[in-house]
Structure formats: C-alpha cells, structure tokens
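Q: A single structure is presented below for examination.
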Amino acid sequence: MTRRRTKGPDCFTGDLFQNLALPDAEPEPEPTPTRSAARETAAQMLGVLDNWVERGWLRTLDAAFARFLWTEAPYCPPLLLLAAALASHQLGRGHVCLDLKATLEDPAFALSLPPDGPQVLAATPAQPPAEVLAGVTLAQWREALAVPDLVSEESASAEPANEAAGNTPLVLAGTRLYLRRYWQYEQDVRAGIERRLARAAQVEAGLPLEVARAALDALFAPHSKESPRAADWQKLACALAARSAFSIVTGGPGTGKTTTVVRLLALLQTLALGRAGQGTRAARPLRIRLAAPTGKAAARLNESIAGAVERLPFEALQAHVDPATLRNAIPTVVATLHRVLGTRPGSRRFRHDAVNPLPVDVLVIDEASMVDLEMMAAVLDALPSSARLILLGDKDQLASVEAGAVLGELCDRAREGHYTQASRTWLEAATGERIDAAMLDEHGLPLDQAIAMLRESHRFASESGIGALAELVNAGDAVAVAKIWSRGYDDLARIVCQADDDGPLRALVVEGRVDDSGSVRAQRHGYRHYLETMRATRPEPGAPPEALADWAAGVLRAHGAFQLLCALRRGPWGVEGLNRRVARLLHEEGLIDPHGDWYAGRPVLVTHNDYELGLMNGDIGIALELPVAAGEPTVLRVAFPAGDGSGTVKWVSPSRLQGVETVFALTVHKSQGSEFTHAALVLPDTYSPILTRELVYTGITRARSFLTLAVPEGRAVLDRAVLARVQRASGLMAGLARDAQAA
C-alpha cells in the first residue's frame, strides 16, 4: 500500500503551504546505516535553523517549513532543508525566490544580518550562514535539490519538467529556488504582460495617426520654435501608452504622472468617441477604472485627478468630440485595488478573476511601485484580454512590503529608453517631439517600447535642496550627499540624534527646530502645531456637526505639517522605540496626557483594510475629545479624512478600531503615497541591511517643503545606505528578455 503525502499542518494551508500536495510515494524502506546517517545530518541542520530562529535571524515559519519537508522526505539532504528555509525567509524580506549563486557569494545577505532590532542572546552558540555553507559549490547545492518528491525543475519553456512538477512545494529555475505558488505568480505576470505587448501592432493599426496628433496638440500647449527645449515627455508618454495594451509611465515626485494620465485618458476617450459618424456603429465611451494599492494613495489620487480634469482643455477637442460628453467620460473616483477586484473574506482570491473578469476597457493603477507580485498576478488574471493596463509610479521608490518589486524590475532600463527606430518614427509623427538618438537601441525589447519616463520635476525647483539631495541619493553618490549640507539650502537641515540626549530630538519633534538655540525656520513645524491647533480651535459645547467637522479637518491638516519617519520597526530608532520616546517628550511638554490606550491628540495608523468602516491600510486619524457640557462624560472619537478628496472627515469610535497603532513615528514603507510639509527622516545609529538608497530616497521625497535628516555621529550609516541598493531576487525580467529573444 502506498502512503499519500499530506499538505502539512492546517495552520499553514492558508499561506506558504496553500494548495501544497506531494505525489504518491512508495512505502518508506527500513532504515539502513546510510539512511540513518543522512537523517541524523538533516536533524542537525534543523537544529541550526532552530538556533537561527532563537536569535531572530530566521522566522519560526521558515524553520517549520523545512521541518515539514523533512517529515515528508526524511532522507533528503540537509542542504535542501537549508535552501527551503532560506527560500521561505526570502519571501518575508520581499524576495520572490532564493538565488543560490548570490547566497553562496554573500551568505549573510540571505538572512539580512544583522537583524532589525536588538540582538537576542541564545542559549547555544550560533553557526552563521557563511560557516554552514563553507566549501559548498553551486553544483553541489543544485545536486542536493534533486529530490523529485520535493523539487521540480523548470524547463526552458517554463512547462512542468515532469509529472510531479505540478505538485512539488519547490521549483528550481536555473539558480533560483521558488516556493511553487510564487513561481506560478511570476509565470502568470510574465505571460499576462507578454500577451498585451503582443497586441502592439494590432492596437497601433487601429489608432488613426492624424487624429491622435491633432488631439495631442490640443491637449498639450505648443512651444515656441524660437526657444528650443527638451522633448515633452508627458506628451510622448501619452502617445506611447495609446499604442500599447500595456504601458508604464514612471517618474519622480512632481514630474506630472497624474497630469499625464488624465490627458492620456482624454486622448483615449477622444479616439473612442470620435469614431461616431465614421460609418460605424455608435461609439461608446471606454469603461475606465482608477485604482491604487492603499487607501492613502487612493485618497491622494482622488484629490489630484479632480484638479487635473478641471484643467483639461476640453473646448480645444471639440472638432473631434463633444466637450461635455468627454468630460463625463473621464472618471475622477479612485478605489483601492482590493475594492476593484472584490475581496473574499477569509480567502486570498478575489471575486474578479479569469472566469469573472472586470468589466473594464482600461485599468489605471497609481503608485504601482507598491504593488507586489501576487497582486499583479491577480490584476492580470482579472483583466479581460481586450483591456488596457496602465501603470503609474516612481521606479526609484521602495517596492512593496510583500514579495516582488514588479515596477522597479520592469523599469530597470527606462532611463536609457532603448526605443527602436520604428518606435521613434511613430512617436515623433504622433507628437512632433524629437527623441534623442542616444535613447535608440536596435535590440530594444517589446517592453521598452511600452515604458515612458518623465524627467522634469515641477515640484522641486532648480534651487531646491530636497530635489538635489534626492537626485544625488538616486545616483548613489555618497560623497556629494555628504557635501550638500554645506550649500546652505533653505529646505534642508541635518541634526545629530543620540540615544542618551533628548535635546535635539525634543527640539525637532516638538517645535520643528533643528537645534536648541531657539531658531525656527519659517513655517517649519513640529507636533506642537497640530496639538495646539486641536486645543485652540476646539468648538464650544453644543456646536453643530459642521463646526465639529471643520475643527477636525483643521487638526488633520495641521498634523500633515510634520511627520517623523524612520527605517526600522524595532529597536530605539524604530517606530516602537521612537513612538514611546516622542510620547514621553510631548507629555513632558504638557501637550498630551497619554494615560490609557486612548487620549486626545493620539495619532493612529490603520494597519489593514476595514471595508465596513471605509478605512484603508495607511490611513491616519487623530483622536479628538468632543466638546461636551460641564459635568457630562467625555466623548472621544477618532477623525479620519473622508478619502474622497472632499476635505471632509469621518468619525469612528475607538472601540470599533481593531487594527491601528500610534504613529508619532512612521516607517518609510508606510509613508508611501503620502506627503508632509515638513518630513524628518531618522536613521539608526548602526547600519541595517534595510537601509538602502531606495529607502532614503523615498523618505526624502515625502517632504513637500522641508526635510530634516536626523543621523548618528559620523557619515558611516548614511554613506552605506546611499551605496546599498534593493536587490530583490526574481526571474521576471530574465524571462521577459529570454522570451523576446526567442520570438
């Protein structure tokens, strides 16, 4: 009788072990001395993994995954168990897979050592990754993975290499080891993009060049021939996206991504509605949906989209389409991706999928750098084959907290262009703009022809220190970053913070000062500003709801004038330590009274979507004490921005908020999609692998008008962060490039 291998413990089936099934196996033979030794060696490896868990180097889940595989194949090589645990661990760090070759070159990188937060003293000595992998070659590690019950190998065509390939929990693709589910996500994303890129010729053939040129000229103001300038990449981006079923518009803060996409939608609707009267059936407007990964990003896009639509030159397009009809055909409501796809409680799956596709012709996703691989796979699965997908985002920002850096990978070649001569000829005919010959590449990939990078920032002026610093960090120029503070930029400041000296941090978070001398730069606020606004403008008892709403909206605006940002979650320089420290400093100043979990002035961050309350992950609210008559009990409510661009608020009882945390300090990851008048970025006193140029760049660009960088003594931490890049293991671009060459 054969024994059916199980899916593993029930507690795993909803996550890493979902849909895991192992093939039927023959009865296990009686142990032999060789097998007993192998089992003992594997048990020793599990002991090493347990030791890493004890020290905080590895998650409990990662070691449990390796132990589960061992129970299914007790005689598997210990290097397989190590690889499985590391592959699982990489997912928690944002990687899609484990790169065996890179791990052998830098074993500590696989565990992101040292870990975030204080070091844990374990009962037994540690055996570091470099020691465990000492002397192991890539060929030996690959050979150890040759256990068909557990690992299948991807064939060149990405089809299962054997009958068991559809069930094994691990997939090996070259030197990359995947958990099966994430390997499948990567295949699905790659195939979904390629199917849309393959339609480029068909889309372009249906695009009347003369009408497109006339519409683009109407949407973008002409420039004087007497004053030559650089190419208008907003106009080029619109034309490029109009000729493809898949397109990306990337660019830094203030480069006009929202303005560009609104004009692109106007172009697409003009082309669609302008077909009426051409002898075909009556034209209908395109069904367009606007989406963002988080509630905060959706709220911001709501506000900016409405303004961009109002600025559209509708009358200039009346030769092609009725202006009123066109105005009504451009949506201004933005929803989260979860809401667009339709969540299913208790399930990773969505209501809309390949069987029940989205009823859309165009889907636009803003802040696409925050979209992880699993979500992108779900989006492509739910899109009808005829629909366009348009991604907007800053390729240099941090990627999603979850596994995958899809936008960053896809846009890796965006700065250099890599356009073919055919693309250049068509784009120049459609726009009248000239593309520099340096951006041509006769071997440009189909993906390159679908990506446009906006290059001119309208938020940061040429004299802006924030803009200059962001550029230098992006370039990885640590020496220039160190020198920028001596240039006297009005919008930049740097202070030194120490764990045992509250003075500089107190001056910063309370007053917005950069030293203890009492000097305050104009309009540079700290947290005193919103807390005193809360008290000074509080309505009298009996005030109407409108007055309460205006008061709350004013407090929320005042809170947005300053935000403390940090890189880590744990430790004295993470959100946990800084939230406690800042609360103490504000209490000592008499600005808050933090007794109990809830108190007036407590800022809170929503940590997961709550559709019943209409709150999304990333939303920030303020606890306010509503005015009541003397002798009546205090009423505390939390005010959140309505999230629809209206500027109104929604009131929520604290008892209904299950997933919130205090947010005097906010991680840079959680700040994505937000802007603050004055942002202060705090770096820890010791380097962590979490610190990368992408994190520093993202923190810098959260500042709208002023940036304060709080650093430890010396340059070492900042220099290492600027020089380090996010390197997420993945095979997405390699697969797209390989398929393009094969075609």
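The values are calculated or read from the model by the stated rules, or taken from the named source; none is laboratory data. Model, not experiment: these values are computed from the prediction. Every residue, glycine as well, gets a Cβ built from its backbone with ideal geometry; the counts of neighbours run over all protein chains shown. Side chains included, ligands, DNA and RNA excluded: accessible areas come from the protein's heavy atoms. Shrake-Rupley method; radii C 1.70, N 1.55, O 1.52, S 1.80 Å.
Q: Are any residues in segment 525-549 without any contact (Cβ under 8 Å) to a residue 40 or more places away in the chain and basic (Lys, Arg), and if so, which ones?
A: Across segment 525-549, the qualifying residue is only Arg535.
Q: Follow-up question, since we're still on this one. What are the residue pairs meeting all of these: first residue in segment 206-228, first residue closer than 19 Å to Ala272 by Cα and open to solvent by 60 Å² or more (accessible area, probe 1.4 Å), second residue among the hydrophobic types (A, V, I, L, M, F, W, C) and modelled with pLDDT of 85 or more, Cβ atoms under 8 Å, and 6 or more apart or on different chains?
A: What qualifies is Arg213/Ala429; Arg213/Ala430.
Q: Anything in segment 513-550 that is part of a loop (DSSP other than H, G, I, E, B) and either over 28 Å from Leu578 (Cβ atoms) or at pLDDT 85 or above (or both)? List them, or say none. Don't jump to the end; show me each part of the working.
A: Of all residues in segment 513-550, those part of a loop (DSSP other than H, G, I, E, B) come to 513-527, 537-544.
Within segment 513-550, His525, Gly526, Tyr527, Thr537, Arg538, Pro539, Glu540, Pro541, Gly542, Ala543, Pro544 qualify.
Q: I need every pair where a residue in segment 426-445 that is open to solvent by 60 Å² or more (accessible area, probe 1.4 Å) has its Cβ under 9 Å from the Cβ of a residue that is β-branched (Val, Ile, Thr), sequence separation at least 6 or different chains.
A: Glu442/Thr420; His443/Thr420
Q: Still on this structure, I have one more. Taking the residues in segment 578-606 that are free of Cβ contacts under 8 Å to residues at least 12 places away in the same chain and not charged (D, E, K, R) as candidates, determine which candidate is nearest to Arg506 (Cα to Cα).
A: Only one residue fits best here, namely His587.
Q: Tally the residues that are on the phi > 0 side of the Ramachandran plot and open to solvent by 40 Å² or more (accessible area, probe 1.4 Å), restricting the search to segment 646-692.
A: Going through segment 646-692 one residue at a time, the tally reaches 1.
Q: Looking at (1) open to solvent by 10 Å² or more (accessible area, probe 1.4 Å); (2) touching a residue at least 40 places away in the same chain (Cβ under 8 Å); (3) of a type in the set (Val, Ile, Thr), which is the only condition Thr71 fails?
A: That leaves (2) as the condition not met.
Q: Taking the stated definitions as given, is Leu391 assigned to a loop (DSSP other than H, G, I, E, B), at negative phi and touching a residue at least 12 places away in the same chain (Cβ under 8 Å)?
A: Values: assigned to a loop (DSSP other than H, G, I, E, B): no; at negative phi: yes; touching a residue at least 12 places away in the same chain (Cβ under 8 Å): yes.
The answer is no for Leu391.
Q: Output the residues belonging to segment 408-440 that are of a type in the set (Val, Ile, Thr) and under 26 Å from Ala734 (Cβ atoms). Show your work before the answer.
A: Within segment 408-440, the subset of a type in the set (Val, Ile, Thr) is 420, 425, 431, 435.
Listed by number, the list holds a single entry, Thr420.
Q: Please go through segment 79-97 and pick out each residue that is among the aliphatic types (A, V, I, L, M) and farther than 14 Å from Phe65 by Cβ.
A: The first filter runs over segment 79-97 and keeps only residues among the aliphatic types (A, V, I, L, M), leaving 79-87, 91, 96.
Selection gives Leu79, Val96.
Q: For segment 58-173, which helices (runs of 4 or more DSSP H) that fit wholly inside it have 1 or more residues that are closer than 22 Å to Gly735 by Cβ and modelled with pLDDT of 90 or more?
A: Working: elements: 60-72, 78-92, 100-105, 129-132, 138-144.
Once the helices (runs of 4 or more DSSP H) in segment 58-173 are filtered for at least 1 residues that are closer than 22 Å to Gly735 by Cβ and modelled with pLDDT of 90 or more, what remains is 78-92, 100-105, 138-144.
Q: Further, regarding this structure: Being open to solvent by 30 Å² or more (accessible area, probe 1.4 Å) and touching a strand residue (DSSP E or B) at 6+ places or on another chain (Cβ under 7 Å) is the filter here, so list the residues in segment 472-492 that pass it.
A: Trp485
Here's the yes/no breakdown for (1) among the basic types (Lys, Arg); (2) modelled with pLDDT under 90; (3) under 23 Å from Gly526 (Cβ atoms):
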position	(1), (2), (3)
Gln658	no, yes, no
Ala710	no, yes, yes
Arg720	yes, yes, no
Val726	no, yes, no
Met733	no, yes, no
Ala737	no, yes, no
Ala740	no, yes, no
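Q: Moving on to the next point. Go through segment 84-106 and count every residue that is farther than 19 Å from Gly404 by Cα and open to solvent by less than 10 Å² (accessible area, probe 1.4 Å).
A: The number of residues fulfilling the criteria is 0.
Q: Are there any pairs with C-beta distances below 6 angstrom linking a residue in segment 446-466 that is free of Cβ contacts under 8 Å to residues at least 12 places away in the same chain to a residue that is among the polar types (S, T, N, Q), with the two at least 6 apart or on different chains, and if so which?
A: Once the first residue is free of Cβ contacts under 8 Å to residues at least 12 places away in the same chain and sits in segment 446-466, no partner that is among the polar types (S, T, N, Q) comes close enough.
Q: If you don't mind, another one. Does Ala558 satisfy the condition of being within 27 Å of Tyr697 (Cα to Cα) and in contact with a His (Cβ under 7 Å, 6 or more places away or on another chain)?
A: Numbers: within 27 Å of Tyr697 (Cα to Cα): yes; in contact with a His (Cβ under 7 Å, 6 or more places away or on another chain): yes.
Yes; evaluated as a whole, the condition is true for this residue.
Q: OK, next. Out of the residues in segment 552-576 that are without any contact (Cβ under 8 Å) to a residue 60 or more places away in the chain and out of contact with any helix residue (DSSP H, G or I) (no Cβ under 8 Å at 6 or more places or on another chain), state the one that is nearest to Met616 (Cα to Cα). Spell out the reasoning first.
A: Filtering segment 552-576 for residues without any contact (Cβ under 8 Å) to a residue 60 or more places away in the chain gives 554, 557-558, 576.
Adding the requirement that they be out of contact with any helix residue (DSSP H, G or I) (no Cβ under 8 Å at 6 or more places or on another chain) leaves 557, 576.
Working: Arg557: 19, Glu576: 21 Å.
Ranking the candidates gives Arg557 first.
Q: Test Ser646 against the criterion of being over 24 Å from Val582 (Cβ atoms) and modelled with pLDDT of 85 or more, and give yes or no.
A: On the way: over 24 Å from Val582 (Cβ atoms): yes; modelled with pLDDT of 85 or more: no.
Answer is no for this residue.
Q: I would also like to ask the following. Output the residues belonging to segment 693-732 that are open to solvent by 40 Å² or more (accessible area, probe 1.4 Å) and not small (Gly, Ala, Ser).
A: Initially, segment 693-732 is screened for residues open to solvent by 40 Å² or more (accessible area, probe 1.4 Å), giving 704-705, 713-716, 720, 723, 725-728.
Correct list: Arg704, Glu713, Arg715, Arg720, Leu723, Arg725, Val726, Gln727, Arg728.
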